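This report refers to the structure that appears directly beneath it.
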Amino acid sequence: MKKTLLALSLGLGLAVSGAAQAKTLVFCSEGSPEGFNPSLYSAGTTFDASSQTLFNRLVQFEAGSTKVVPGLAESWTASADGLEYTFKLRKGVKFHTTKDFTPTRDFNADDILFTFNRMWKEDHPYHDVSGGDYKYFGWMSMGDLLKSIEKVDDYTVKFTLNYAEAPFVSNMAMDFASVLSAEYGDVLAAAGKKDDIDHKPVGTGPFVFKSYQKDAMIRYTAHDDYWGGRSNIDKLVFAINTDANVRYQKMKAGECHVMPYPNPADVAAMDKDPDINLMRQEGLNVGYLAFNTEKPPFDQKAVRQALNMAINKQSILDVVFKGAGSIAKNPIPPTIWSYNNDVKDYDYDPEKAKAMLAAAGVTNLKTNIWAMPVQRPYNPNARRMAELIQADWAKVGVEAEIVTFEWGEYLKRSKNGEHDTVLLGWTGDNGDPDNFMYVLLGCDSAKSGGNRARWCNQEFDSTLRQAKQVTDQAKRTALYEKAQVIFKEEAPWVTIAHSVVFKPVRKEVSGFKVHPLGSHIFYDGVDIN
Amino acid sequence: MLSFLIKRLLVLVPVFFGVTLVAFGFIRALPGDPVEVLAGERGVTPERHAELMAQMGFDKPIWQQYFSYIGDVLQGDLGTSLITNRPVIEEFFELFPATAELAICAILFAVIIGIPAGLIAAVKRGSIIDQGIMSFSLAGYSMPIFWWGLLLIILFSNTLHLTPVSGRLSFLFDVEPVTGFMLIDSLLGDEDGAFASALHHLVLPAIVLGTIPLAVIARQTRSAMLEVLSEDYVRTAKAKGLSPVRVIALHALRNAMITVVTVIGLQVAVLLAGAILTETIFGWPGIGKWIIFSVFSRDYYAVQGGLLLIAVCVMTVNLIVDLLYGLINPRILH
């Protein structure tokens, strides 16, 4: 038996080294994609397997940054009032040839219209296919924003907006805006197989879909005619495993080259492993504790400031994040442009906090801290975090009870404002500061409940609204910097931490970059030596 | 025999409806709904929430939802997954062969080792061999699956480099799914080495999943054999001068098997429960992992359909076991 196993493992080992010469990159992915049309889904796992491998967007995020660069559009211009965006499309872009579809024409404006009208227009023949729920299109309020999309000529498309929205171009770089083939849509409609468009994907991206076995493996091959040049990797394999311990064992055994979401307990060992290059970057997220500013005494600025000072963030970082995080002082992470590094955080000062509470007339305060029941990158252990805050607040005479609910219930009740203070967080979608500040702290969100602090500050809100309407990045930066100063002074949240994302990559892989938006990109210079 | 079969099948009808009710009620009893879970921190407006719930038919009274579900089930429609938008039955049967292959290999492993081990322990009662076998089986029975799985991976995959860490087949092979059973499909394909790779990947998960049934079968075989060996007819057979092998193999084992077959039948449910953990550890693409994911994402139709189909599998196996009793001991048929 042992001999047989040895022979088998030797065979496997040799075969793996043979595969390395053929440039096969294996990514130990953390789950199965929900499907292969990124406009219908919301999970990063799905985006890695679809938008980042198979598709392109009009504009894209540069690998390793949130900078928007040309994609299927070579260039774009915005009108002075910020209401019209004209995209000049790239010529000679080929769609994938698969066993079910052979394209007869290159990518053009019809594909843009097909892609966006499918999500937008309820009477579009493909709108209701696969359920017709276009999550991010809805979340980014694209339906309200768009006034019209026109084909000016085969290679020019004009988007007209109902109101000025500077983050529009960043939205176009998001996964949901991945461009589908209108010709493929026509072929499938004629064959009565419309559903296939979402399960047998055809895109313009650097890799071509080959096969998928749910919960097991996804296979891709390099797109030979890719407009950006053929990938260095000949074959890309996603080996699916939901258990982080096992993914690490596979990395060690050389069964995969890159893995996402390592177990925090394994990070130190990975760092010492000579075969593994442990890459790290601050995540595009923020974990916070929001005060319900509609409830006394949290309607008083001084109380919020005092409770900020009463929390020892460093100890939270050490205990909860085990070093895999950095203290947050602003509502946006430092990887986002317009991050205001001049803002000064509240120092940990329980004595001063106690004095401020007394000055505000707050004694024997009894309150609650809501702790999330789930693990998130911005908060790996909310219960533990709540316990630490509870202990810190006890030192300044505040008695806090820890409350938790099932996740759906937690979100619903906190949205309704049932909490005194609530732990939550946010992971950015498009690298734009608006996607954090307006979504989480704007007055509209205070009404709809997304703003858990239920804080509506006119000066802050009008600054953000102004920033939405100008397209000049320098002006926008100045406005967001100002907003961060107001935010810190008003203290509707205790900004707690930004997580650090670790990405173990085997040493034979070169050119891989950690993407701040969490995507895994195996193009743009990624190679195996 | 026929009337026996009909009686057993009739008993299954209320069980079937009971299972649909439990599966339907279970997933709805969990707090949160699919729309909220999917929206997460991003949230969803009450209007959009109501619209999506209505689109999925969850705005209707609960009894109406149940009867419409039962109506669809009786027509063979288990609904569409709320996550992937694919028919539940299609997803289930895409993944089921992997679980079945793993479970069959695990039970074969358990039977092939467990019965002889129990037999030897019974024959050598009180000896060191007996005590050794029983201690090992107690340890096997008490072993948490996830811990045992990781231990074997660290030992056999990362230290001795004898087995792969996880998966069903090396990424070097691209076997076209025909039956869904990798051992068979890899033989049907023309890729050299694919069968060996499939077998290689199956060894550790089958051992891990088969460990608890092995322990139970060994202990059950031992106690059943001890009981039978003390019967008068065995003593008579011995007194007539039959060889010990003949006495054990022909006279004792056959009667002891009735209890053992019952236990093997009951182990099918244990195997399917254990498959959830084993599949997670070994990245085995089966229904266990799928059900768990469906529960977490409140994929109502996938959970209902999945649980129902699993229950049908367990009922079918139990029916086969009942029929096997008849073959082993024809008196049961009467």
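Annotations
- Note on segment A:56-66: residues that are more than 18 Å from A:H96 (Cβ to Cβ) and touching a residue at least 24 places away in the same chain (Cβ under 8 Å) amount to 7.
- Residue in segment B:251-264 that is in a helix (DSSP H, G or I), open to solvent by 10 Å² or more (accessible area, probe 1.4 Å) and free of Cβ contacts under 8 Å to residues at least 24 places away in the same chain present: yes
- The strands (runs of 3 or more DSSP E) falling completely within segment A:268-328 that include 1 or more residues that are surrounded by fewer than 18 Cβ atoms within 10 Å (Cβ to Cβ) and touching a residue at least 40 places away in the same chain (Cβ under 8 Å) map to A:276-282, A:325-327.
- A:T46 modelled with pLDDT of 95 or more and closer than 23 Å to A:K250 by Cα: no
- B:A23 within 11 Å of another protein chain (Cβ to nearest Cβ), within 28 Å of A:Q375 (Cα to Cα) and small (G, A, S): no
- Segment B:181-199, residues that are open to solvent by 20 Å² or more (accessible area, probe 1.4 Å), among the small types (G, A, S) and facing another protein chain (nearest Cβ under 10 Å): B:G193, B:A196
Every residue, every condition in (1) among the hydroxyl-bearing types (S, T, Y); (2) outside any loop (DSSP other than H, G, I, E, B); (3) within 30 Å of B:L52 (Cα to Cα); (4) modelled with pLDDT of 95 or more, yes or no:
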| residue | (1), (2), (3), (4) |
| --- | --- |
| A:W76 | no, yes, no, yes |
| A:G92 | no, no, no, yes |
| A:F95 | no, no, no, yes |
| A:R105 | no, no, no, yes |
| A:F114 | no, yes, yes, yes |
| A:R118 | no, yes, yes, yes |
| A:F137 | no, yes, yes, no |
| A:G143 | no, yes, yes, no |
| A:K151 | no, yes, no, yes |
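- Residues being at positive phi and assigned to a helix (DSSP H, G or I) - total across segment A:349-399: 0
- As a summary of the residue check, B:I83 satisfies the conditions (1) open to solvent by 50 Å² or more (accessible area, probe 1.4 Å); (2) part of a loop (DSSP other than H, G, I, E, B) except for the one numbered (1).
- For the condition part of a helix (DSSP H, G or I), surrounded by 23 or more Cβ atoms within 10 Å (Cβ to Cβ) and hydroxyl-bearing (S, T, Y), B:T316 does not qualify.
- A single entry from A:K395, A:K366 fulfils the requirement of being without any contact (Cβ under 8 Å) to a residue 60 or more places away in the chain, more than 14 Å from every other protein chain (Cβ to nearest Cβ) and either of a type in the set (D, E, K, R) or open to solvent by 40 Å² or more (accessible area, probe 1.4 Å) (or both): A:K366.
- Which listed residue, of B:L9, B:L102, B:L108, B:L5, is at pLDDT 90 or above, open to solvent by 50 Å² or more (accessible area, probe 1.4 Å) and farther than 27 Å from A:H199 by Cα: B:L108
- Residue match in segment B:145-165 (condition: part of a helix (DSSP H, G or I), more than 14 Å from every other protein chain (Cβ to nearest Cβ) and open to solvent by 10 Å² or more (accessible area, probe 1.4 Å)): no
- Exactly one residue out of B:G288, B:G283 is within 14 Å of chain A (Cβ to nearest Cβ), in contact (Cβ under 8 Å) with a residue 40 or more places away in the chain, open to solvent by less than 50 Å² (accessible area, probe 1.4 Å) and outside any helix (DSSP H, G or I), and it is B:G283.
- Under the condition of being touching a strand residue (DSSP E or B) at 6+ places or on another chain (Cβ under 9 Å), closer than 30 Å to B:S294 by Cα and either without any contact (Cβ under 8 Å) to a residue 24 or more places away in the chain or not small (G, A, S) (or both), the residues counted in segment A:21-35 number 6.
- Residue identified as touching a strand residue (DSSP E or B) at 6+ places or on another chain (Cβ under 7 Å) and among the small types (G, A, S) among A:S130, A:S170, A:S181: A:S170
- Residues in segment A:86-103 include none that are acidic (D, E) and in contact with a strand residue (DSSP E or B) (Cβ under 8 Å, 6 or more places away or on another chain).
- Of all the numbered requirements in (1) open to solvent by 30 Å² or more (accessible area, probe 1.4 Å); (2) at pLDDT below 90; (3) under 20 Å from B:I120 (Cβ atoms), B:R219 misses one, and that requirement is (2).
The values are calculated or read from the model by the stated rules, or taken from the named source; none is laboratory data. Just so it is clear, the model here is predicted, and its values are computed rather than measured. Methodologically, a virtual Cβ is constructed for each residue, glycine included, from the backbone with ideal geometry; neighbour enumeration extends over all protein chains shown. These accessible areas exclude ligands, DNA and RNA; they are computed on the full protein's heavy atoms, side chains included. Shrake-Rupley method; radii C 1.70, N 1.55, O 1.52, S 1.80 Å.
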